[in-house]
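Bear in mind that the values in this text are calculations on the coordinates, not laboratory data. Since the structure is predicted, the reported quantities are computational estimates derived from the model, not experimental observations. Backbone-built Cβ (ideal geometry, glycine too); neighbour counts: all protein chains shown.
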């Protein structure tokens, strides 16, 4: 919803149908796509992104307001709610208020909340606009991940801090499971899968990624490689054979 039409998402239903034939567990999509995708989704779970309100055409990438309600997406068939929470920017208080109120609504309706906790200092890098500028990414990621758990997130989606030992501390101190975000598209397949292997070795529960999966020419192979690592604890060398 931020980037607009991009390669491999020109026809989202075609991409979803292809993913449905892999071992992926679920997809994270906008609410209004759910009822359009029911005929192609097969056994994939639906996680609905509840918020939006920012685009590449605007000046504030850290604005993300709820554009749908929990009960609305529950009627559509969502099995999980996801929201962006950008911490450390000018609107930090509003972001955390949104997190708390969404967590309360999710609890009322019995839906798990995936809180995507992103340090504002890494936003431009997260959206692929520039190189990372945060000189202490470990502290930033550890802070936002724990805040996400304290404010009601049932699972946390956040970025890899870049060091396995440090990320082990992030996982240990977050108190709820962590799913790793992809961020801007990585370099080689081997480098990307090595990062995922490090995250899993650090204790992450899994990954939830976009551009680094559907952004690749043969994304079905990448999903197979990721599932081998996440589901079957495969090595990077073995995962690369599935590409």
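Apply 1/(1 + (r/R0)^6) to the Cβ-Cβ distance of residue 65 and residue 173, taking R0 = 25 Å, and write down the FRET efficiency to the nearest 0.05.
Numbers: r = 29 Å, r/R0 = 1.16.
Once the sixth-power term is evaluated, E becomes 0.30.
How big is the Kirkwood radius of region 12-183, worked out from every pair of different alpha carbons and given in Å to one decimal?
Working: mean 1/r = 0.0602 Å⁻¹.
For region 12-183, inverting the mean 1/r across all distinct Cα pairs yields 16.6 Å.
With each pseudo-label sitting 7 Å past Cα toward Cβ, what's the residue 163-residue 97 distance in nm, one decimal?
Taking the two extended label points, one gets 3.7 nm.
Can you figure out the FRET efficiency of residue 17 with residue 57, using R₀ = 22 Å and their beta-carbon distance, to the nearest 0.05?
Numbers: r = 29 Å, r/R0 = 1.34.
Calculated value: 0.15.
Quick check on the chain: helices-only [θ] at 222 nm, where DSSP H runs of length 4 and up contribute -39,500 (n - 2.57) each and the sum goes over total residues. Nearest 500, please.
Numbers: 11 runs with 105 residues, N = 243.
For the chain, the value works out to -12500 deg cm²/dmol.
Normalised by the number of residues in the chain, what is the relative contact order in percent for Cα pairs under 8 Å and 6+ residues apart? Provide the component values of the computation, followed by the final result.
Numbers: 431 pairs, mean separation 34.6, N = 243.
Relative contact order, the chain: 14 percent.
Looking at region 12-183, what % of its DSSP beta bridges pair antiparallel, to the nearest 5? Numbers along the way, then the final one.
Details: 2 of 22 bridges.
Of those bridges, close to 10 percent are antiparallel.
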